[in-house]
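Notes follow once the structure below has been shown.
Nothing in this text is a laboratory measurement; each read-out follows from the coordinates by a stated rule. Keep in mind that what you see is a predicted model, and the values were worked out from it rather than measured. Ideal geometry is used to build each Cβ from the backbone, glycine not excepted, and the neighbour counts take in all protein chains shown.
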Amino acid sequence: MKLPPARRILAPFLISILLLVTACGQTPAPSRWDKAQQESTQKPGQAQQTTAQNQNLPKKAVAGGKLNKYFPSSGGGFDRVFAQEKSGFAEAKLNKGGKNVAMLSINDIAGNPSAGAKFKQSTKQIGGYPAVSQGANITAVLVANRYQVKVQSRDPSFTASDREAWLSKFNLGGLASVK
C-alpha cells in the first residue's frame, strides 16, 4: 500500500508540532503548598543541615523521649500527661479537674535555627533565659540557643502569669546541658 506524499509528510509534521507545543508550555510557579509539601517529604535534616551548621547548632535534633525528664511534675491539682513525642519535640497536656488547661512543649530548633530569631529582641527573662509572648495564649523561653520551651493556654482561666510560673518549673538548667 502506497500512501500519497502529503500523508507521509503530514503525520510526522503533526507529531513534531504536538511535541513542541507540549514541551514549551509554561509550568506554573510553585505555590506555598508545593514548598510545604517538599519540606515535609524530604529526609530529615536534608536541606536544613547547612542552616544548622551556620548557627553552630547540631545537624540532628535530640530524640523526643530524651526531653521528657525536663518537664515539670504533676502537682498542685494539676496532672501532666505526655501527649506527643517525636525527634526534637515532646509535648504534654496540663489538666486540672479533668479539663485540659494548657499544653507544655519542648522543641529542639537544631533543624530550624530561624525559630530562635524572635528571642533576640526579648527584654524579659524566665529562669535566666530570654522569654517572649506569642499572641495572647503562648509564652516561650529559649534555652541555650537551642531549645524552645512553650506553655500554651487552652483555657481562659490559665493566665500569662500561670504560663510564666509553669515555665519556671521546667528543669531549664538541665535542659541547657543536653547535647
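Taking a threshold of 21 Å on the Cα-Cα distance, which of the pairs LYS120/LYS169; LYS60/LYS93; LYS60/LYS120; LYS96/LYS169 fall above it?
LYS120/LYS169; LYS60/LYS93; LYS60/LYS120
What does the C-alpha gyration tensor say about the overall shape of segment 74-138? Classify as rounded when a/c is under 1.5, otherwise prolate if a/b is larger than b/c, or oblate.
Taking the square roots of the gyration eigenvalues as a ≥ b ≥ c, segment 74-138 is oblate.
Under 5 Å between amide H atoms, partner at least 5 residues away or on a different chain: which partners does GLY88 have, H built in plane at 1.01 Å?
Amide H to amide H, under 5 Å and 5 or more residues apart or across chains, GLY88 pairs with VAL62, ALA63, GLY64.
Measuring from label point to label point, each 7 Å out along Cα→Cβ, what is the ALA176 to LYS96 span in nm?
Calculated label separation equals 2.9 nm.
If packing is taken as the mean number of other Cβ atoms within 10 Å per residue, what is the order of 11-23, 139-151, highest first? Provide the component values of the computation, followed by the final result.
Values: 11-23: 9.5, 139-151: 21.9.
So the peptides 11-23, 139-151, ranked by packing, come out 139-151, 11-23.
Assuming R0 = 35 Å, what is the FRET efficiency of LYS66 and ALA160, from their Cβ-Cβ distance, to the nearest 0.05?
For R0 = 35 Å, the calculated efficiency reads 0.75.
Can you pull the one-decimal nm distance between simple spin-label points at LEU20 and SER122, each 7 Å off the Cα toward Cβ?
6.3
If you take every residue apart from PHE89 with its C-beta less than 14 Å away from the C-beta of PHE89, what net charge results, scoring Lys and Arg +1 and Asp and Glu -1?
So the surrounding residues net to +2.
Label segment 58-176 by shape, choosing from rounded, prolate and oblate, from the square roots a ≥ b ≥ c of the eigenvalues of the Cα gyration tensor; if a/c is under 1.5 it is rounded, and otherwise prolate applies when a/b is larger than b/c, oblate when it is not.
oblate
Between ILE9 and SER73, with labels modelled 7 Å along Cα→Cβ, what's the label distance in nm to one decimal, could you check?
9.3
Dipole of segment 62-109 (Lys/Arg Cβ +1, Asp/Glu Cβ -1, origin at the Cα centre): which of GLY97, SER73, VAL62 lies farthest to the positive side?
GLY97
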